[in-house]
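Undergrad: This is the structure I want to talk about, given as C-alpha cells.
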Amino acid sequence: MAKYGEGDKRWIVEDRPDGANVHNWHWAEKDCLEWSRNLLCKLLNNLKVLDGEGNLFIKINKVEKVEGEAYVNVRKGKIIPGYELNVVLSWQGEAKDSEGNSLLKVDGSVEIPYISDENADEDPEIRVTVKDEGPIGKALKDAMYSKGKPVVEEKVRVYVESMAKGGPAKEELESKKVEKRGETGCWGVAEERGECGSGGGEEGGEERGL
C-alpha cells in the first residue's frame with residue numbers, strides 16, 4: 001500500500017489558477033488518520049463486554065493508541081480507501097462471588113495490530129493481555145477474549161465500512177456531486193457525452209455535414 005502523500009504524482013490534481021485537470025486525472029486525496037482516531041474512540045470507549053454473567057464484569061475503558069496511516073482517494077467519483085492501523089485498548093475486569101463480594105479486579109490491554117484495507121473482508125487479529133496472571137485473572141482474560149473479541153470485531157467492521165463509503169471525504173464528495181448537477185445544464189450534459197460540435201445551431205450542423 002502506498003503511503004499517504006507518496007502516490008504517483010500524475011494522480012494528484014494540483015491547485016491551478018485555471019482549474020485545469022492535470023493529465024485528465026481527476027484525483028483527490030484526504031488524510032483520515034485523525035478522523036479514524038475519533039471514530040474508533042467513539043465506537044470503542046466505555047464499552048461493556050460482560051455485566052454479571054458468571055459473576056464477571058468486564059468493560060473496555062478507552063482507546064489508548066491509534067498509530068499508522070489512513071486516507072481516502074477519490075478518482076472520478078470512485079472512493080479508494082487506504083489504511084494500515086495499530087490500535088491498543090485498555091480494559092478492566094472484576095470477578096465477584098455469589099454474594100456480590102469482589103474477589104479480584106484486573107487491568108489489561110487489547111491490541112489490534114493490523115487493521116488494513118488489504119484485509120478489509122477479514123476479521124483482524126486481536127491480542128488480549130492481563131496484568132494479573134493468577135487463576136482468577138486468567139479467567140477474566142479468557143472471558144475478555146471469548147466475549148470481547150466479537151464485540152471488538154463488530155466495531156472494527158463499522159470503521160471499515162465507514163472508510164469504504166469515503167470516511168470524512170464522503171460528505172465533501174456528495175456536496176460536489178450536488179454542486180456539479182446544479183451547474184450542469186442540458187448543454188453541459190451534451191458536452192460530457194461528446195455530442196457538441198465546435199459551434200451551435202445551424203453552423204454546427206453544416207460543419208458536421210461536410
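Undergrad: Search region 82-120 for residues being assigned to a strand (DSSP E or B) and small (Gly, Ala, Ser), and hand back the single one that is farthest from the chain's Cα centre (by Cα).
TA: The extreme case among them is SER102.
Undergrad: Report, by residue number, each residue of region 33-85 that is touching a Phe, Trp or Tyr at 6+ places or on another chain (Cβ under 7 Å) and loosely packed, with under 14 Cβ neighbours inside 10 Å.
TA: Selection gives ASP51 alone.
Undergrad: Another question, if that's okay. Name the residue that is farthest from ALA70 (Cα to Cα), counting only residues in region 129-159 that are of a type in the set (Val, Ile, Thr) and in contact with an Asp or Glu (Cβ under 8 Å, 6 or more places away or on another chain).
TA: Taking the candidates together, the pick is VAL130.
Undergrad: Scan region 121-145 for residues that are under 30 Å from GLY82 (Cβ atoms), assigned to a strand (DSSP E or B) and touching a helix residue (DSSP H, G or I) at 6+ places or on another chain (Cβ under 7 Å) and report the count.
TA: So the count comes out to 1.
Undergrad: For region 44-51, state whether one or more residues are closer than 19 Å to GLY166 by Cβ and either of a type outside the set (Asp, Glu) or without any contact (Cβ under 8 Å) to a residue 60 or more places away in the chain (or both). Walk me through it before giving the result.
TA: Step one: of region 44-51, the residues closer than 19 Å to GLY166 by Cβ are none.
No - not one qualifying residue is present in region 44-51.
Undergrad: Could you check how many residues of region 119-132 are under 19 Å from GLY54 (Cα atoms) and exposed (fewer than 13 other Cβ atoms within 10 Å of the Cβ)?
TA: 0
Undergrad: Need the failing condition index for GLU153 against (1) under 18 Å from the mean Cα position of the chain (by Cα); (2) surrounded by fewer than 16 Cβ atoms within 10 Å (Cβ to Cβ); (3) of a type outside the set (A, V, I, L, M); (4) more than 19 Å from ASN46 (Cβ to Cβ), just the number.
TA: It is condition (4) that GLU153 fails.
Undergrad: Could you say which residue among LYS141, LYS105 is of a type in the set (D, E, K, R), more than 23 Å from LEU40 (Cβ to Cβ), surrounded by 14 or more Cβ atoms within 10 Å (Cβ to Cβ) and touching a residue at least 12 places away in the same chain (Cβ under 8 Å)?
TA: Sole residue among the options that is of a type in the set (D, E, K, R), more than 23 Å from LEU40 (Cβ to Cβ), surrounded by 14 or more Cβ atoms within 10 Å (Cβ to Cβ) and touching a residue at least 12 places away in the same chain (Cβ under 8 Å): LYS105.
One line per residue, one yes/no per condition, for (1) part of a strand (DSSP E or B); (2) within 30 Å of LEU104 (Cα to Cα):
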{"position": "ARG37", "(1), (2)": "no, no"}
{"position": "LEU40", "(1), (2)": "no, yes"}
{"position": "LEU43", "(1), (2)": "no, yes"}
{"position": "GLY54", "(1), (2)": "no, yes"}
{"position": "LYS59", "(1), (2)": "yes, yes"}
{"position": "GLU67", "(1), (2)": "yes, no"}
{"position": "ALA70", "(1), (2)": "yes, no"}
{"position": "VAL74", "(1), (2)": "yes, no"}
{"position": "ILE80", "(1), (2)": "yes, no"}
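Undergrad: Next question. Quick one: is SER116 among the hydroxyl-bearing types (Ser, Thr, Tyr), under 20 Å from LYS147 (Cβ atoms) and touching an Asp or Glu at 6+ places or on another chain (Cβ under 7 Å)?
TA: No: the conditions fail for SER116.
No value in this document is a laboratory result; all are computed from the given coordinates. Note that the structure is predicted; figures quoted are calculated from it, not measured. Here Cβ is always computed from backbone atoms with ideal geometry, including for glycine, and neighbour counts include all displayed protein chains.
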